[in-house]
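Undergrad: Encoded as C-alpha cells, here's the structure I'll be asking about.
The values are calculated or read from the model by the stated rules, or taken from the named source; none is laboratory data. Keep in mind the model is a prediction, meaning the values are calculated, not measured. Note that each Cβ is placed from the backbone with ideal geometry, even for glycine, and that neighbours are counted across all protein chains shown.
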Amino acid sequence: MTRLFRIDQTGLVESRRKALDFEDKIEKWVASDLSLVGVDGVVIGRQVETDHGKRIDILAMDEDGNLIIIELKRDRSPRDIVAQVLDYASWVCRLTTNDVHKLTLAKGDGSLAEIYRRKFGKSLPETLNATHQMIVVASEVDDATKRIIEYLSEQHSVGINASFFNVFEQDGKEWLTTDALLEQEEVTDRATRKARGPWTGYYYVTGGTEEMRPWKDMRDHGFITASGGKWYTDGLARLSESDEVFYYQVNNGYLGYGVVKTERQPADEFYLSDGRRLTDVVPKPYLTDFANDPDKQAYAVGVEWKKTFDRTNAKTFQGIFANQNTACKLYSQETVDFLIEAFGVKSKSE
C-alpha cells in the first residue's frame, strides 16, 4: 500500500489517505495527460458508446495506431471492472480503420489525422487497431484481481494493466500519487509482439507516391531515398548492407525486390556503382532541395534490384501491409508470402 509522508523538523508526518471519490476529475486529468497511466498517445474519445449500450471512459490511441481502453473503477468491484474492460475489448477489437476514423470525427475534436499529427508530428499510420490494450484505474485492487491481470498479461500476452491513483490530505492540502501494477512498456511489448508475430527477415521501404519520387529514377540507378525531415530520413538508417527489401509505391503497390549495397548517406555525397554522383545524374528537386539543411535534405540508400516491375504492374492485394514509415521491418507473414511468390524470391525457410 502506498504511504505518503511530509518531512519536518520533528521527523516524518504521515498524510491521511482519502477515498477516491472524484473519478470525474481523475478522468479529466488522465484525458489531458495520458502519461499519468503510462501511455504516450492521443485521446480519440471519452464516454464512447459501444454497440451493446456501455460507455468506455476514455479511448486512446498510441503512436503505432493501436487502441487503448482506459476505465475507472467507480463503484464497481475490482473483479467486475476487469470483466467490464474485457467486454469493452471484445467490441474494440472489431473496429476497422474506417470505424476508428468515424468514431473520432463523431466526437467533434477534429479529424484523427489532425489529432495524430499535432501529437506526433507525422502522418497517421494507414492501418489502425492491429492490437489493443486495457488499463483499469483504481485506488487499489484485491490480490485475486492482481493475479488475474498478471496471468492474462504475462502468460497470455493480453494487453491489460492496472493503474493506481491515491489521494492524500495533510493540513488542508491534497496530493495525488500514481503507480502501476505492471510496467506498461512491457505490457505493450508483449501484446504487440503476439499480434504481429515474428519478424519475417525482410524490410518494407517506400518513397511515397510517383509524383514525390519517380520509380524509374530509383529503378534505373539503384537507390531509394527520403527527405523532408528527420522522421522520414532517419527511417533509412534502419537499413544495413545485405538487408533484403521490398519497395512499395504509395497508392499503387509493390514494385521492387532488392538487397541493400550501401547504407544511408546524404544524396549529394552518394555515388552510383559507376562512380558518378547521384545528384549529377539525377539533378531533380526531390534530391537537391534543402542540400544545406541536414534535417530536411535528401538521403539515399544504395540497392541492387533483383526483380522489379513497371508501375502499371504493381503487386498488391486488399489488406496488404503498407504504412508511412520510409523503412521498417516486415512482420506481416501474409504480405511476405504474397511478395515472395510475386517476385520469385527464394523463401528464407527453404
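So that you can scan it fast, the table gives a plain yes or no per residue for (1) assigned by TED's automatic domain parsing to the domain that holds T233; (2) among the aromatic types (F, W, Y); (3) closer than 27 Å to C328 by Cα; (4) at pLDDT below 95:
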residue	(1), (2), (3), (4)
D80	no, no, no, yes
L95	no, no, yes, yes
R117	no, no, yes, yes
L128	no, no, yes, yes
A138	no, no, no, yes
F165	no, yes, no, yes
L176	no, no, no, yes
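Undergrad: Which of the residues that make up region 132-155 are surrounded by fewer than 20 Cβ atoms within 10 Å (Cβ to Cβ) and either touching a residue at least 24 places away in the same chain (Cβ under 8 Å) or farther than 28 Å from T96 by Cβ (or both)?
TA: S139, E140, D142, D143, A144, K146, R147, I148, E150, Y151, E154, Q155 - these are the residues of region 132-155 that are surrounded by fewer than 20 Cβ atoms within 10 Å (Cβ to Cβ) and either touching a residue at least 24 places away in the same chain (Cβ under 8 Å) or farther than 28 Å from T96 by Cβ (or both).
Undergrad: Would you check if there is a residue in region 296-309 being of a type outside the set (K, R), loosely packed, with under 14 Cβ neighbours inside 10 Å and either free of Cβ contacts under 8 Å to residues at least 40 places away in the same chain or farther than 22 Å from D220 by Cβ (or both)?
TA: No - not one qualifying residue is present in region 296-309.
Undergrad: Need the failing condition index for K194 against (1) under 24 Å from L272 (Cβ atoms); (2) touching a His at 6+ places or on another chain (Cβ under 9 Å), just the number.
TA: With (1) under 24 Å from L272 (Cβ atoms); (2) touching a His at 6+ places or on another chain (Cβ under 9 Å) applied to K194, the lone miss is (1).
Undergrad: Still on this structure, please answer the following. Among the numbered criteria (1) hydrophobic (A, V, I, L, M, F, W, C); (2) surrounded by 17 or more Cβ atoms within 10 Å (Cβ to Cβ); (3) touching a residue at least 60 places away in the same chain (Cβ under 8 Å), which one does L182 miss?
TA: (3)
Undergrad: If you don't mind, there's one more thing I want to ask. Would you check which residues across region 44-56 are farther than 19 Å from V158 by Cβ and touching a residue at least 40 places away in the same chain (Cβ under 8 Å) and list them?
TA: I44, G45, R46, V48, D51
Undergrad: Check E263, E341 and return the single one that is over 28 Å from the mean Cα position of the chain (by Cα) and either acidic (D, E) or closer than 25 Å to W231 by Cα (or both).
TA: Answer to the selection: E341.
Undergrad: While we're on this one: Does region 24-35 contain any residue that is in contact with a Phe, Trp or Tyr (Cβ under 9 Å, 6 or more places away or on another chain), within 24 Å of A130 (Cα to Cα) and either without any contact (Cβ under 8 Å) to a residue 60 or more places away in the chain or of a type in the set (A, V, I, L, M, F, W, C) (or both)?
TA: The answer is yes; a qualifying residue exists.
Undergrad: Pick from region 225-256 the residues that are within 20 Å of Y202 (Cβ to Cβ) and among the aromatic types (F, W, Y): which of them is surrounded by the fewest Cβ atoms within 10 Å (Cβ to Cβ)?
TA: Ranking the candidates gives Y247 first.
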